[in-house]
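Q: Mind having a look at this structure? Questions to follow.
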């Protein structure tokens, strides 16, 4: 232990906080690192697709992964800079095969190399159907499309992804969260929202009709306020999926970029937790719209982490990242974003929770405010540095050097 940590440990002890307990807890919290930051959401299908669905990575920074092997190498480097043991969040368009199956024909074997790699790395995998970047999604309607043939295509895609996710979870001994997000909506004001939402509901019912062992796979559903091309109406709104998750006993996904910029997504956690058993978080930083910037250690992330800790929701919440920035080093983006989420969680674990809650319980708002402000001066950084040292992970200038070195090594990729 460093001298700075010894001092910090004593300071926190004076506030009634056990730093060793916080360090032990943060080491057990996995974060699902999203594959799509590594290649700008391009995927590895053997055919060209369209963008759409509000999915757009801007920039052309050198070093984009061009193959599954390059992406896995980038992920291995990123994991090596992040303390703790984490997960991979994989989209269905990232299959690893010489075949060219359409999305309604994908099978587990098309993703088996990812499972083998994850087993070697000792990590779990989460999964996602890909309802965008396809000719049958060009109208920004998939499961809610008026054409039954198009709906059937996407229902089959979703059915297969659930089967694949269940097999992945069984193979790795860790349940895969299979998160369902569709871009369906209208650019201008529709006249029959109910019809579209009934079609989406029926399609979801058909897609999820087959039951899978929850020890292997969990279904999650994700809402969105709006996106490019669907500014007037998103069929799968927050209210739609909140009700659906409650009725179907599914995981509810809250993406921080999928709400109005003035909404406090952290405030939603304790509300929805009263009605759903599990929550999936997609941690992102929206700017103007769902632009998915790399997360900063700012008030929104700190509030989210504090709510998870103070409401005792860590055991019921799956934490994943969802941003894609092609203007900066993609591996650095993973490392910065994941470590910032961990820093926020560690800070929340190091707060004098009992004292804060006691002040609020006795309606002593002055004491609550005073405590809230004074704890901001506690030596959190020394505890974080100790966590990284125990996990043999770099900090400060050493981390910057590692990120720069790797970026220079991959910058020649075309």
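Every number here is computed from the coordinates shown, using simple stated rules; none is lab data. Predicted model only: the values in this text are computed from it and were never measured. No Cβ is skipped: glycine too gets one built from the backbone with ideal geometry, and neighbour counts run over all protein chains shown.
Q: Please find, in a Gaussian network model of the chain (springs between Cα atoms separated by less than 10 Å), the residue of 36, 181, 117 whose mean-square fluctuation is greatest.
A: With Cα springs under 10 Å in the chain, the top fluctuation among 36, 181, 117 is at 117.
Q: Run the Debye formula on the Cα coordinates of the chain, all scatterers equal and no solvent, and tell me log10 I(q)/I(0) at q = 0.08, 0.13, 0.15 1/Å.
A: Values returned for q = 0.08, 0.13, 0.15 Å⁻¹ are -0.44, -1.15, -1.48.
Q: Taking 0.36 nm per residue of sequence separation and subtracting the Cα-Cα distance, how much length would be gained by fully extending the chain between residue 312 and residue 198, in nm to one decimal?
A: Working: separation 114, 0.36 × 114 = 41.04 nm, distance 3.53 nm.
Answer, rounded to one decimal: 37.5 nm.
Q: Using the count of nearby Cβ atoms within 10 Å as a rough guide to exposure, how do 275, 412, 223, 284 rank from fewest to most?
A: Ascending number of Cβ neighbours within 10 Å: 412, 275, 223, 284.
Q: If you don't mind, there's one more thing I want to ask. If I fit a long axis through the Cα atoms of helix 365-374 and take the longest principal axis of the Cα atoms of the chain, what angle between them do I get, 0 to 90°, rounded to 10?
A: Relative to the chain, helix 365-374 is tipped by roughly 90 degrees.
Q: Would you mind telling me which residue in 246, 279, 295 has the biggest mean-square fluctuation in a Gaussian network model of the chain, where springs connect alpha carbons within a distance under 10 angstrom?
A: Result for the chain, Cα springs under 10 Å: 246 fluctuates most.
Q: Right, something else. Given a 10 angstrom Cα cut-off, can you work out which residue in 102, 74, 364 is the most mobile in a GNM of the chain?
A: Ranking 102, 74, 364 by mean-square fluctuation puts 364 first.
Q: Then there's this: If each residue's Cβ is checked for other Cβ atoms within 10 Å, how do 388, 253 rank with the fewest at the top?
A: Details: 388 21, 253 25.
Ordered from fewest to most neighbouring Cβ atoms within 10 Å, 388, 253 come out as 388, 253.
Q: For the stretch 127-282, what is the convex hull volume of the alpha-carbon atoms per residue, in Å³?
A: Numbers: hull volume 17.4 nm³, N = 156.
Enclosed volume per residue, from the Cα hull, is 111 Å³.
Q: Neighbouring Cβ atoms within 10 Å as the yardstick, rank 376, 343 fewest first.
A: Working: 376 10, 343 20.
Arranged by neighbour count, lowest to highest, 376, 343 become 376, 343.
Q: Separate question: What full-extension length gain, to one decimal in nm, is calculated for residue 135 and residue 2 as 0.36 nm per residue of separation minus the Cα-Cα distance?
A: 42.2 nm
Q: Quick one: length gained pulling residue 85 to residue 109 fully straight, 0.36 nm per residue minus the C-alpha distance?
A: Taking residue 85 through residue 109 to full extension adds about 6.1 nm, to one decimal.
Q: Please find the FRET efficiency linking residue 18 to residue 215, where r is the Cβ-Cβ separation and R0 is fixed at 35 Å, and quote it to the nearest 0.05. Mind showing how you got there, number by number?
A: On the way: r = 33 Å, r/R0 = 0.93.
It comes to 0.60.
Q: Run the simple label-point estimate for residue 411 and residue 239 please: 7 Å along Cα→C-beta, distance reported in nm.
A: Using points 7 Å along Cα→Cβ, the separation is 5.2 nm.
Q: Compute the FRET efficiency between residue 381 and residue 361 as 1/(1 + (r/R0)^6), taking r as their Cβ-Cβ distance and R0 = 35 Å, and round to the nearest 0.05.
A: Working: r = 31 Å, r/R0 = 0.87.
Result of the calculation: an efficiency of 0.70.
Q: Residues of the stretch 134-154 with amide nitrogen under 20 Å from the 7 Å Cα-to-Cβ point of residue 205?
A: Residues passing the 20 Å test: 142-154.
Q: Let me ask something else about it. Hey, rough spin-label estimate for residue 10 and residue 187, points 7 angstrom out along Cα→Cβ, what's it come to in nanometres?
A: According to this spin-label approximation, the distance is 6.6 nm.
Q: Report relative contact order for the chain in percent, whole number only (criteria: Cα-Cα under 8 Å, sequence separation at least 6). Numbers along the way, then the final one.
A: Numbers: 741 pairs, mean separation 86.7, N = 414.
Dividing the mean separation by the residue count of the chain yields 21 percent.
Q: Oh, and also: How far, in degrees from 0 to 90, does helix 380-390 lean away from the longest principal axis of the Cα atoms of the chain, to the nearest 10?
A: In the chain, helix 380-390 runs at an angle near 70 degrees to the longest axis.
Q: To test your reading of the geometry: what angle, between 0 and 90 degrees and rounded to tens, separates the Cα axis of helix 148-172 from the longest principal axis of the chain?
A: 40 degrees
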